[in-house]
Amino acid sequence: MGAGKKQKSKNPTADLQGDLNAKALQSDRSASSKRKRLNGISDIRRFFHRNTEPIYFISATNFNLLGMDEWIRNFNFLSAIDCFDGKHPHVYVPPEIPHEPFESIEDINNYLLSHPDLLKLLRDRGANGKNGKAVFLMFDEKTEALCKKAGLEVCFPPAALRTKIDDKVETTRIAERAGVKCVPNVLAKVDSYEMLRKVSKKLGEDLVIQTAFGDSGHTTYFISNEKEFKKYEKDIVAAPEVKVMKRINCRGSALEACVTRHGTIVGPLMTELVGFPELTPYKGGWCGNEVFAGAFQSKTRKEARNAAIAFGDELKKLGYRGYFEIDFLTDLDTGKVYLGECNPRITGASSMTNLSAFAHADAPLFVFHLLEWMGVDYDLDVEALNTRWADPDNIDSWSQLVIKHTKDSVAQITEAPPSGIWELSDSKQIRYVRPQTHRRTVHTENRAFWLRIAGKGDYFYEGADLGILVSPGRFMDDDFKLTDRAKAWIKGIRSQYQVTPIAAADSMIEAHQHEFKLL
């Protein structure tokens, strides 16, 4: 599968269908067929706790929406990888059947939506050809067609609109219309080093170039001279248009938000872990986040929040609604806050937003996204909600590490650490405590929730996602370097893996088949 999966599902169709097909209690059904208008947070929470319509998160894993099955009744995960070895009550992984090599998450989703066992499950739980609602991390036009055929409503804006907004060049233009500042830049076709210097004359010698699409450092190029340009020339010249930016001394941050009919809801500003060689082989590659109240000055938080609201309002004009994430860059020399890029989707930071204390006091941000597709009218004071979520007193401190295989080597995994709660001892050794489905029972900094992605039978290859570690407190110090605790956790998790080298020819095949981002 997406991480070299060769195993059969440990969560059989029959077992899951028995759980999912349980009849709803009569008390869960409204006495009237007409839905009442929801008046504020309490009604919205109750509405989802009593939901009887099947809702599915379809993706490689359930990582991005961990815990949402506890907020939304009849919410289930249809996955390609079983991170929980059959122990999660709401995760279904169909038995693997022959398929073309996966080259993207979209390919995985389209495979799942074509799987006969999964389609039967959808039909058995549906009625009159309406088999529920579907949400995704990534999807394309083929996914939309397969959902229509399967009787599923996609609870996201159209794939074509998402692709347009996902374009880093287009994002810059949207930001300009919204009055949101970007790092000084020029948008241009670059066909040579001479052309690059001509169009970027006002941006200085040290430049950053981005092509329209790409993630986690794969399509961001740092160029100061012709030698560095030559290294990436093929990709840059092939692009119809690139974004050329002045290189600034900056720190990255991320913020998730949601466009609703009542305005844009904004989560807190998170720090980003980027490019740490202990975690990722990619320079500039995202490898984690922190949420804590003192991460940024009040002025910076306010600027980012206002920018997100303005950007969300501009997205709404384009017909977009629902979840999105913005990456910000704070210039450490001037203090200015710039928009980096926009991801029109849930992201790898979504569980950090949705499982935080500020969200649980009201409702997770994703709940407000889904509400836009539930066919019910509602009232919501977005300004009051944003004010509460911006209050540092309402923000608890959590961090996550995304741990990848960082070496240029390939091997097959023979032993892997199971998902659940782990503990770090005073001697920096880790031990498995118990199974768990997300971080809710982690209360101290010497414990963490581990979500395993790469398991027994999968493969190590450069950039392979091994899993995600989540713990209270910070994983970076005040100088934004990894703490000793973070390094001990990384070393401890890696020590739990055992592998067997495989033949060079097989290595090339496996590495090539799975070179894409799962999270």
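Please treat every number below as a calculation from the coordinates, not as lab data. This structure is a prediction, so every number in the text was calculated from the model and none was measured. Cβ coordinates were reconstructed from backbone atoms using ideal geometry, including for glycine residues, and neighbour counts include every protein chain displayed.
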Roughly what would the spin-label model give for Ser104 and Ala384, points 7 Å off Cα along C-beta, in nm?
4.3
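I need the GluC sites (Glu not before Pro) found in region 173-208, filtered to DSSP loop residues with at most 13 other beta carbons within 10 Å of theirs. Write down the numbers at each step before the final one.
Values: sites: Glu176, Glu194, Glu205; in loops: Glu205.
When the GluC sites (Glu not before Pro) of region 173-208 are filtered for loop state and at most 13 Cβ neighbours within 10 Å, Glu205 remain.
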Under 12 Å from a point placed 7 Å out from the Cα of Asp43 along the Cα-to-Cβ direction: which residues of region 57-98 have their backbone N that close?
none
Given pairs Lys34/Lys142; Lys198/Lys407; Lys201/Lys231; Lys168/Lys201 and cut-off 29 Å on Cα-Cα distance, the over-length ones are Lys34/Lys142; Lys198/Lys407
Taking a ≥ b ≥ c as the square roots of the eigenvalues of the Cα gyration tensor, with a/c under 1.5 meaning rounded and otherwise prolate when a/b exceeds b/c and oblate if not, the chain is rounded
If I model a spin label as a point 7 Å beyond the Cα along the Cα-Cβ vector, how far apart are those points for Thr500 and Glu415 in nm?
1.4
Gain on full stretching of the segment that runs from Lys142 to Glu278 - 0.36 nm per residue minus C-alpha separation:
45.2 nm
With Cβ to Cβ distances under 13 Å as the rule, what net charge do the other residues near Arg388 carry (K, R +1; D, E -1)?
-4
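Counting other Cβ atoms within 10 Å, which chymotrypsin sites (Phe, Trp or Tyr not before Pro) in region 186-291 have at most 15 and lie in a DSSP loop? It would help to have the intermediate numbers written out before the result.
Values: sites: Tyr193, Phe213, Tyr221, Phe222, Phe229, Tyr232, Tyr282, Trp286; in loops: Phe213, Tyr282.
Sites meeting the loop and neighbour criteria: Phe213.
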Could you tell me which residue out of Ser42, Leu146, Gly132 lies farthest along the dipole of region 13-155 toward its positive end? Charges go on the beta carbon: Lys and Arg +1, Asp and Glu -1, centred on the Cα centre.
Ser42
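Give, rounded to the nearest 20 debye, the magnitude of the charge dipole that region 398-513 has about its Cα centre when Lys and Arg contribute +1 at Cβ and Asp and Glu contribute -1 at Cβ.
Working: 16 positive and 14 negative charges, 95 e Å.
Computed about the Cα centre, the dipole is about 460 debye.
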When the Cα centres of region 50-82 and region 442-461 are compared, how far apart do they sit, in Å?
20
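Hey, what did region 328-475 get for relative contact order, percent, Cα under 8 Å, at least 6 apart?
Values: 221 pairs, mean separation 34.2, N = 148.
Relative CO of region 328-475 lands at 23 percent.
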When Met138, Met352 are ordered from fewest to most other Cβ atoms inside 10 Å of their Cβ, what list results?
Met138, Met352
Taking a ≥ b ≥ c as the square roots of the Cα gyration tensor eigenvalues, with a/c under 1.5 meaning rounded and otherwise prolate when a/b beats b/c, else oblate, which class fits region 229-317?
oblate
Pick out, in residue order, every one of the GluC sites (Glu not before Pro) in region 226-299 that is DSSP loop and has at most 16 other C-beta atoms within 10 Å; say none if there are none.
Glu241, Glu278
